[in-house]
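Novice: Before I ask anything, here is the structure I am working with.
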Amino acid sequence: MRTLFKRVAIAFLILLMPGSPVLAQSILRDAETEHFIRQLSDPLLKAAGLTPSSVHLYLLHDNSINAFVAGGQNIFIHSGLILAADDVDELQGVLAHEICHIACGHGIRTQEAYANAGTASVLSMVLGAAAILAGGADAGMGIMMAGQSVAQGQFLAYSRGQESEADVNGAKYLQAVGISPTGMIRFFDKLRDQEILAQVRQDPYVRTHPLNRTRIMQLQEIAEKSPYYQTPPNAARNEEFLRLKAKLAGYLYEPRQTLRKYPLSDKSVAAHYARVYAYHKALEWDLALEEADALIQAEPDNPYFYEIKGQILFENGKVQDSLPVLQKAVALAPQEALIATAYGQAMVSLEDEAQMAKAIPILEDATRRDPENTFAWFNLAKAYAWTGKDAQASLATAERFFSGGSPSQAAMHAERAMKGFKEGTPEWLRAQDIMVISQAAAERQRRRR
């Protein structure tokens, strides 16, 4: 797969209403992007009274403009939203808004609102059916339709109330960390005109976050009272945002489109970033490496620039050449599990026993830092198997399927791992935990089917 981002297929529940379908989505994983979003969100989470480590943020591969909270303390951001934002304050404004949905308990209250609306809807159906049976077909249908309208109105009013509350509290969080709320206003204002469009043409954010002039005027009044009202976006932070936006555009857009947006005459770091991806997608390896070298020359101590160059070399078949480059990236950012995974993968791909042994501690550290990193677990299992550590390979494979949401396979490999470890050891106990939990999850899946 020719990609510098890591794409991870997942399935998750959209917990906006009971009985919602499970939707398959694709998460984009990139060390630099995740680090940057964390830098933006952690101060806001603290301002909201939340523990940053308990809130998970995911970047979804979806060109539509949307962000939402689902499954408790999980914030999902569409790639299209980042590409639509003009500066870092707009993105941070959306994050502040979404964080209130968690801090203000909107998930639980939304389910209550659906239950109340559902009660009104069911009652109207019962009364309407009774009227029809009594001979008043028209009256019965009228009761049913009126009931549905009332139920929908009840929920929409509740939703608008939540959105207004998220605006107010989001602005408070922004002020608490010294950021102007005007970014939130600018972003919402550019989407407001979509409300007049048919739903099929609207971005999901407009449908799930009802916008209206009253809300924006209320937010404007709050913003004008902020001591940071006239404060522009932080220059350094905004430069980081523009780089990552260019990086994401280069990954998602067709090369021709990227090169039009970031022509060769543009010598900014953001433009070099975008062209790395454009040339990589076009299989212009030499040109991609030239752009990567230009990035490294501009900032010799930036680990993410070495990561990009190393991955280009690796995916172009120059595995040995990629090793020192990726090693440099790991040395500059030892805390980044995704970079360590890329380095470990390169070593494992050589299928050399000495390199396998060298890769094991690197991949073990990556999985400790990022237990949901299925790619790291896959390469670690391969390294264990090559060095004769079969029980460890089975446990790593069980971890891979466990974190990837495949309970039947996780249980099978965990049971196999238990046979290779002494009973009562930490490894045996971990394998047992995975087996028990996965067997129960697999049974629930079978019953649902």
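Novice: Which semi-axis lengths, in whole Å and largest first, follow from the square roots of five times the eigenvalues of the Cα gyration tensor of the stretch 279-368?
Specialist: On the way: eigenvalues 100, 50, 17 Å².
Here the semi-axes work out to 22, 16, 9 Å.
Novice: Setting aside same-chain residues fewer than 8 positions from LYS309, which aspartates and glutamates have a Cα under 18 Å from its Cα?
Specialist: Those aspartates and glutamates meeting the cut-off are ASP30, GLU32, GLU284, ASP286, GLU290, GLU291, ASP293, GLU299, ASP301, ASP321, GLU336.
Novice: Taking the Cα centre of the stretch 389-449 as origin and charging only Cβ (+1 Lys, Arg; -1 Asp, Glu), how large is the dipole, in debye to the nearest 20?
Specialist: Numbers: 11 positive and 7 negative charges, 71 e Å.
So the dipole magnitude of the stretch 389-449 works out to roughly 340 debye.
Novice: Averaged over all directions, how much area does the convex hull of the C-alpha atoms of the stretch 389-429 cover when projected, in nm²? It would help to have the intermediate numbers written out before the result.
Specialist: Numbers: hull surface 9.8 nm².
Projected area, direction-averaged: 2.5 nm².
Novice: Can you compute the charge dipole magnitude of the stretch 282-344 about its Cα centre, using +1 on each Lys and Arg Cβ and -1 on each Asp and Glu Cβ, nothing else charged? Give it in debye, rounded to the nearest 20.
Specialist: Working: 3 positive and 11 negative charges, 57 e Å.
Using only the charged Cβ atoms, the result is roughly 280 debye.
Novice: For the stretch 217-223, what does the Karplus curve 6.51 cos²θ - 1.76 cosθ + 1.60, with θ = phi - 60°, yield as ³J(HN,Hα) per residue in whole Hz, taken in order and with x for Gly and Pro?
Specialist: 5, 4, 5, 5, 4, 5, 4
Bear in mind these aren't lab numbers, they're just calculated from the coordinates by the rules spelled out. It should be emphasised that the depicted structure is a prediction, and the values quoted were computed from it without experimental measurement. When we count neighbours, we look across all protein chains shown, and the Cβ atoms used for this are built from the backbone with ideal geometry, even at glycine.
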